[in-house]
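In what follows, a single structure is set out as structure tokens and then discussed.
Values quoted throughout were computed directly from the atomic coordinates according to the rules given, and no laboratory measurement underlies them. All values derive from a computational prediction rather than experimental measurement. Cβ placement follows ideal geometry from the backbone for every residue including glycine, while neighbour counts extend to all protein chains displayed.
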Amino acid sequence: MSYHLIIEYYWQKAYRNIPNGNRKTYSIAAKYLGKVKDIYINILNNEAGWVKRFSDLKYEFKKRPAFLEIVSGL
């Protein structure tokens, strides 16, 4: 299984927890996003790919301050 498939799997698991979410679901999303970040940076050595994708996600949900707060450490 390629790392890109694993990234997409975790990304979708995270994404599903954001729309109509609350702090609990945002925390679940953050856990999956942390796994995605780890693969991008530590395995694929593609920090720029992570930064771009994560920035796009934060922009998409810019009206959800609790989500942004919870993922601010990523």
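Table for the structure above
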item	result
Estimated [θ] at 222 nm from DSSP helical runs (n ≥ 4, -39500 (n - 2.57)) normalised by residues in the chain, nearest 500	-21000 deg cm²/dmol
Per-peptide average of other Cβ atoms within 10 Å, ordering 49-60, 26-37, 7-18 highest first	26-37, 7-18, 49-60
0 to 90° range, to nearest 10: angle between helix 23-38 axis and the chain longest Cα axis	20
Given charges at Cβ of Lys, Arg, Asp, Glu: the chain dipole, positive-most of Trp11, Ala66, Tyr32	Ala66
Three-way shape call for the chain based on the alpha-carbon gyration tensor, with the a/c threshold at 1.5	prolate
In order through the range 62-71: 3J(HN,Hα) via Karplus (6.51 cos²θ - 1.76 cosθ + 1.60), integer Hz, x for Gly, Pro	5, 8, 10, x, 5, 4, 4, 5, 5, 8
Dipole magnitude of the range 3-71 about its Cα centre (Cβ charges: Lys, Arg +1; Asp, Glu -1), debye to nearest 20	300
Cα-based helix-to-principal-axis angle, 47-60 vs the chain, degrees rounded to 10	20
